[in-house]
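> After the structure tokens below, expect a handful of questions from me.
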Amino acid sequence: MISLKLFRSRNFAGANLLTLFLYAALGGLLFFLPMDLIQIQHYRATQAGTALLPFIVIMFGLSRWADGLVASYGSRLPLTVGPLVAACGIALFTLSPQEGSYWPATFPAVVVMGLGMAISVAPLTTTVMNAVPASDSGLASGVNNAVSRLASLLAVAVFGVVLVTVFNHSLDQRLTQLALSPDVRAQIDSARLLLAAAQNPQPMISASHHGVLPNWLPCCYMGGDGPRSFECSHRLAAHGIWPTILCRANLTPRHELKVARTGRNSNRRSNLNVLGNNTGTFAIYCFQ
């Protein structure tokens, strides 16, 4: 349905490869973070839905400035620095305390991640559009958007398997320390899919074990959530070097930025579309 000759361009192929990993990390975080906020930190759905509002504000406010980075420095620098900063922001989520206020625990990570994505998204879109002839700019934008959506789907599937596997393994290890009846164990096993939202099957657990299971469930969940966050951040950091390898030093010199001056407005609209898609996806995840 599309011409594969577009991928002969090293700049186009490299930008879409970066898009795949960048949006895989972002999509995984936007899916699992509300689960952490609601199940572990006991946020209400509305609070969890607004927790990433600084991320949206930063991306919206800095999009015009970030778009100018390509004209001033080329695409290599922002597409290397941006993913590295975003990786640091995602890694900060793993360092935040399980029980803590939003401002010291979650807000700094959201700000750093938002700054990294703001540096990355607009230059990434500009790079994709400028890597192909003006006549193919619409097709290039469509391919890039499709890659970003595919990345989010793959992230939820892959990281979901990692999370559930580690959660079940950690829970099994802890349950072996309790002398539970088969009926109680069956109740616990039937509630595994609820992850940390599973409730203590009272009154079937004796008083000596009362409260142990609810305290263990967040630990088991964090056992899967922590490696997943580190995998996201490491994946972002590792693939922050791809622009250095794949993108030419003069990817978008000043004379190439005339790639349809009319396309500059379309680029900005494309950036806003990407931001709007991510925002809408996050809202759906939070309020389901």
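The values are calculated or read from the model by the stated rules, or taken from the named source; none is laboratory data. Keep in mind the model is a prediction, meaning the values are calculated, not measured. Quick reminder, even Gly has a Cβ in these numbers, built from the backbone with ideal geometry, and neighbours come from all protein chains shown.
> Return only the number of the condition from (1) farther than 30 Å from Tyr102 by Cβ; (2) not in a helix (DSSP H, G or I) that Tyr43 does not satisfy.
Among (1) farther than 30 Å from Tyr102 by Cβ; (2) not in a helix (DSSP H, G or I), the lone unmet condition for Tyr43 is (1).
> Go through segment 46-85 and give me each residue that's farther than 30 Å from Leu195 by Cα and not in a helix (DSSP H, G or I).
Gly74, Ser75 - these are the residues of segment 46-85 that are farther than 30 Å from Leu195 by Cα and not in a helix (DSSP H, G or I).
> Name the one entry in Val111, Val81 that is out of contact with any strand residue (DSSP E or B) (no Cβ under 9 Å at 6 or more places or on another chain), modelled with pLDDT of 90 or more and under 15 Å from Phe21 (Cα atoms).
Values: Val111 fails: under 15 Å from Phe21 (Cα atoms).
One residue alone meets the criteria, Val81.
> Looking only at segment 34-93, filter to residues that are among the aromatic types (Phe, Trp, Tyr) and more than 16 Å from Val121 (Cα to Cα); which one of those is farthest from the chain's Cα centre (by Cα)?
Within segment 34-93, the first condition is being among the aromatic types (Phe, Trp, Tyr), and the residues that meet it are 43, 55, 60, 65, 73, 93.
Subset that is more than 16 Å from Val121 (Cα to Cα): 43, 93.
Working: Tyr43: 20, Phe93: 12 Å.
Among those residues, the one meeting the criterion is Tyr43.
> Then there's this: Report yes if Ala157 is within 19 Å of Phe31 (Cα to Cα) and surrounded by 17 or more Cβ atoms within 10 Å (Cβ to Cβ), otherwise no.
no
> Six or more apart or on different chains, Cβ atoms under 7 Å: show the pairs whose first residue is in segment 73-90 and within 16 Å of Ala131 (Cα to Cα) and among the charged types (D, E, K, R) and whose second is modelled with pLDDT under 90 and crowded, with 18+ Cβ neighbours inside 10 Å.
Cβ pairs passing all conditions: Arg76/Pro243; Arg76/Cys247; Arg76/Leu251.
> What residue, among those in segment 131-150 that are in contact with a helix residue (DSSP H, G or I) (Cβ under 6 Å, 6 or more places away or on another chain) and either at pLDDT below 95 or of a type outside the set (A, V, I, L, M, F, W, C) (or both), is surrounded by the most Cβ atoms within 10 Å (Cβ to Cβ)?
Here the residue is Ala131.
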